[in-house]
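Reading through the structure tokens given below for one structure.
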Amino acid sequence: YGDDRLVLQAFDRQTGKPGEYLQIKAALDKPLHVVAWSYQQQVRLTVWRRETSSINGSYRLRVLSVADAVQLVAAGKPLTLKAGEVSDWLSVANCTGELVLNNKPVDICQATAGLSFVVIVNDQKVLAVVPAS
């Protein structure tokens, strides 16, 4: 093993046009998150190791930005993300008001406190909240 490779290519589901192509050296026995998203009329891919980081009573989040210069504030800590960038783990105590996206509070109340989630955002809103496991 040691030289396992995973090859991924995204395609636009409406036009069939090929998008980003990635070849990743990865231990194939470890799970990954794979997200295909649209950026400047091209289908892009973001891949990272799937893991959890649950803390009782806290919302644990990793945020994937699908737009450039996304400004986040989580529990008072500012962060700027580029398109395709995934944040480190962030903690917020409340599902509303404690996560701010480009100066607007966002609601992640579909998430459950004590668990960990991936939050996908553009420069205006939360697009998806999915369990990190």
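At 7 Å along Cα-to-Cβ for each site, give me the label-to-label distance between T112 and Q23 in nm.
About 4.1 nm, to one decimal.
Give me a comma-separated list of calculated 3J(HN,Hα) values for segment 4-16, in order, Karplus coefficients 6.51, -1.76, 1.60 applied at θ = phi - 60°, integers in Hz, x for any Gly or Pro.
Those phi angles translate into 5, 10, 10, 10, 10, 9, 9, 10, 5, 6, 8, 9, x Hz.
With no solvent and one equal point scatterer per Cα, compute the Debye intensity ratio I(q)/I(0) for the chain at 0.18 Å⁻¹ and report its log10, rounded to two decimals.
Values returned for q = 0.18 Å⁻¹ are -1.01.
Could you give the accessible area per residue of the chain, probe 1.4 Å, as a whole number in Å²? Could you put the intermediate results ahead of the total?
On the way: 7900 Å² over 133 residues.
With the other protein chains kept in place, the chain gives 59 Å² per residue.
Would you mind telling me the share, in percent, of accessible area of the chain contributed by carbon and sulfur at probe 1.4 angstrom? Write down the numbers at each step before the final one.
On the way: 3760 of 7900 Å².
Solvent-exposed carbon and sulfur of the chain make up 48 percent of the total.
Can you work out ³J(HN,Hα) from phi for every residue in segment 28-34, in order, using Karplus 6.51 cos²θ - 1.76 cosθ + 1.60 and θ = phi - 60°, giving whole Hz and x for Gly and Pro?
6, 8, 10, x, 10, 9, 10
Averaged across orientations, what area in nm² does the convex hull of the alpha carbons in segment 65-121 project? List each step's numbers first, then the result.
Details: hull surface 14.1 nm².
Taking a quarter of the hull surface, the average projection is 3.5 nm².
DSSP loop (so not H, G, I, E, B), at most 12 other Cβ within 10 Å: list which trypsin sites (Lys or Arg not before Pro) in segment 1-108 pass both filters. Please list the in-between numbers first.
Numbers: sites: R5, R13, K25, R44, R49, R50, R60, R62, K82; in loops: R13, R50, K82.
Listed in order of number, the matching sites are R13, K82.
Taking K and R as +1 and D and E as -1, what net charge do the other residues with C-beta under 11 Å from the C-beta of G19 add up to?
Details: positive: R13, K17, R44; negative: D12, E20.
Combined, the nearby Lys, Arg, Asp and Glu give +1.
Applying 1/(1 + (r/R0)^6) with R0 = 35 Å to the Cβ-Cβ distance of R13 and S53, what FRET efficiency is obtained, to the nearest 0.05?
Working: r = 32 Å, r/R0 = 0.90.
Calculated value: 0.65.
Taking amide H atoms as placed 1.01 Å from N in the peptide plane, list the residues 5 or more away in sequence, or in a different chain, whose amide H sits under 5 Å from that of L127.
HN-HN under 5 Å from L127: I120, V121, N122.
The values are calculated or read from the model by the stated rules, or taken from the named source; none is laboratory data. Quantities reported herein were computed from a predicted structural model and do not represent experimental measurements. Ideal geometry is used to build each Cβ from the backbone, glycine not excepted, and the neighbour counts take in all protein chains shown. In case anyone asks, the SASA skips ligands and DNA or RNA and just uses the protein heavy atoms, side chains included. Shrake-Rupley method; radii C 1.70, N 1.55, O 1.52, S 1.80 Å.
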